[in-house]
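Report on one structure; see the data block that follows.
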């Protein structure tokens, strides 16, 4: 099988080179429609998935690619995306059903979860950890997440992870995403915040 214009020996394309079907759709081009019909309902084998996984291991999107993907996701039509997801679930048996997702969730919850800390999340906060105190901390931190500087979905984090230590020096404003992030590798983040956000070696 011959290579397309701009294609390298490895099968990939050079920078700023596009494959023959770039910008074409099955509505506008017969070749694309033929290819689409041929691949409809096609299931990728485990062997092929493994080869693809090895091939893409360690590869990352560039900053410009990430930006383009982010813009595309933000601007997508929610109705069209909903139909796309429904079609994928219908045609692709690899997608988990609600029942399967529930089973997976139960298997990785509680003591089976890698982030399990002995059930401390169920312990109650002290009486002084109230709305008034939370507002004070957010105001002190200029209503910004102290890691990513986001102003959305803010919450208050206990630096030493002890719910009983609800005093200002032990509290910091984080967004929900960063709060989940600092629940991993707690030893590092505890030192990080106590050192004022400087580099920490553990």
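The values are calculated or read from the model by the stated rules, or taken from the named source; none is laboratory data. Bear in mind the structure is a predicted one, so any value in this text is a computation, not a measurement. Cβ: placed from backbone, ideal geometry, glycine included. Neighbour counts: every protein chain shown.
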Residue list for the stretch 114-125, filter: exposed (fewer than 11 other Cβ atoms within 10 Å of the Cβ) and either modelled with pLDDT of 75 or more or farther than 28 Å from residue 164 by Cβ (or both): 124
Residues being over 16 Å from residue 138 (Cβ atoms), without any contact (Cβ under 8 Å) to a residue 40 or more places away in the chain and in contact with a helix residue (DSSP H, G or I) (Cβ under 7 Å, 6 or more places away or on another chain) - total across the stretch 160-186: 2
Among the residues listed as 153, 160, the single one being at pLDDT 90 or above and over 18 Å from residue 195 (Cα atoms): 153
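This table checks each residue for (1) touching a residue at least 24 places away in the same chain (Cβ under 8 Å); (2) exposed (fewer than 14 other Cβ atoms within 10 Å of the Cβ); (3) within 27 Å of the chain's Cα centre (by Cα).
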{"position": "140", "(1), (2), (3)": "yes, yes, no"}
{"position": "145", "(1), (2), (3)": "yes, no, yes"}
{"position": "150", "(1), (2), (3)": "yes, no, yes"}
{"position": "154", "(1), (2), (3)": "no, no, yes"}
{"position": "188", "(1), (2), (3)": "no, yes, yes"}
{"position": "194", "(1), (2), (3)": "yes, no, no"}
